[in-house]
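Written below as structure tokens is the structure these notes are about.
The values are calculated or read from the model by the stated rules, or taken from the named source; none is laboratory data. Keep in mind the model is a prediction, meaning the values are calculated, not measured. So basically every Cβ, Gly included, is an ideal-geometry build from the backbone, and we count neighbours across all protein chains shown. With ligands, DNA and RNA removed, areas are computed over all heavy atoms of the protein, side chains included. Shrake-Rupley method; radii C 1.70, N 1.55, O 1.52, S 1.80 Å.
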Amino acid sequence: TTEIYTLSLHDALPILDKPFTMGASPQASLTTALDIIFQHQNVAPFVARQMIQRMVTSNPTPAYVQRVATAFKAANWDMKALIRAILTDTEARSASVAAGTTYGKLREPLMRVTHLLRAHGVTAAYPSETDDVARGQPALNLNQSPIFASSVFNFFSPTYRFVGGKMSQQGKVSPEMQIATEASVVAYINAVYDIVANGMIDEYNNRSGSLNFTEELAAASSASSLVAVINRKLFGGSMSSGLISHITSACSAATTNLDRVRTGVFLAAVSPEYLVQK
């Protein structure tokens, strides 16, 4: 026997075991449905964790997630409150916490390039044809380009573990590693070398978005002074003594101020310390 049910527009339908009455305007119905969904106990921690992963660290502690989730819910799902809670939390601002071996996140390829450009005064890679940034250098074998994720779930999974890696061995995730391949790692190094030397390039071989090295050139007569500028602009002063020594030595061997600057910025931007955001 087949039973056929006919629902009135005003019948109450359950959403997550909560009554939901049809019949209001589309906007009102959507608002009510979203309110019911967001009240579910899993939603605030789910959103909080993924936002923390994108902005601060891939492996936030449960306490960090709970504090952010509580603030998000208390603010009635206000995104500004969510972001404020993430960026002002102790785990986002403590130097001792950041020193942990599993703290931080691998910087996505596009974010590395964007950070490098912004740190050196580039506000638009292709001022006359802004859409070209989606088809330009960041898309060349880096496994990432603006608005071209392979699915609606982003470029990588928030739960991805790099099998055999040290993070995975400690039970930690490293989402951005999912799009890292031998080819993309080499492509990033090549892209940075070209950007530092010549600026950005689009698919039509048009050059634009040259880095502004005015501050670096002013300090380039001294390799140590130059590295201090690079350390401040690209690392927020957190460059390790070993990396400082390595880049200073390489810059000292350059024959001109411009070559010294390009050498320093290039080595800094491809270093593991730059690739990991803390």
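Working only within region 218-235, note down all residues that are open to solvent by 70 Å² or more (accessible area, probe 1.4 Å) and under 29 Å from the mean Cα position of the chain (by Cα).
First, the residues of region 218-235 that are open to solvent by 70 Å² or more (accessible area, probe 1.4 Å): 218, 221, 224, 232.
232, the sole residue that qualifies.
Can you work out which of the residues in region 64-89 that are open to solvent by 30 Å² or more (accessible area, probe 1.4 Å), assigned to a helix (DSSP H, G or I) and free of Cβ contacts under 8 Å to residues at least 24 places away in the same chain is farthest from residue 38 (Cα to Cα)?
Among those residues, the one meeting the criterion is 88.
When both residues are 6+ apart or on different chains and their Cβ atoms are under 8 Å apart, which pairs have a first residue that lies in region 173-192 and is at negative phi and touching a residue at least 24 places away in the same chain (Cβ under 8 Å), and a second that is outside any helix (DSSP H, G or I) and of a type in the set (Asp, Glu)?
That search, which allows pairs on different chains as well, returns 176/108; 179/108.
Go through region 23-37 and give me each residue that's open to solvent by less than 60 Å² (accessible area, probe 1.4 Å) and touching a residue at least 12 places away in the same chain (Cβ under 8 Å).
23, 33, 36, listed by residue number.
Among the residues of region 149-167 satisfying the criterion of being exposed (fewer than 13 other Cβ atoms within 10 Å of the Cβ) and not polar (S, T, N, Q), which is farthest from residue 181 (Cα to Cα)? Walk me through it before giving the result.
Of all residues in region 149-167, those exposed (fewer than 13 other Cβ atoms within 10 Å of the Cβ) come to 150-153, 157, 159, 163-166.
Now narrow it down to the ones that are not polar (S, T, N, Q): 152-153, 163-166.
Working: 152: 21, 153: 20, 163: 13, 164: 14, 165: 14, 166: 17 Å.
By that ranking, first place goes to 152.
If you take the residues in region 255-273 that are without any contact (Cβ under 8 Å) to a residue 24 or more places away in the chain and not in a helix (DSSP H, G or I), which one is surrounded by the fewest Cβ atoms within 10 Å (Cβ to Cβ)? Break it down into steps so the answer makes sense when it comes.
Within region 255-273, the first condition is being without any contact (Cβ under 8 Å) to a residue 24 or more places away in the chain, and the residues that meet it are 255-256, 259, 263, 267, 272.
Those left that are additionally not in a helix (DSSP H, G or I): 255-256.
On the way: 255: 7, 256: 9.
Filtering region 255-273 for residues that are without any contact (Cβ under 8 Å) to a residue 24 or more places away in the chain and not in a helix (DSSP H, G or I), the one surrounded by the fewest Cβ atoms within 10 Å (Cβ to Cβ) comes out as 255.
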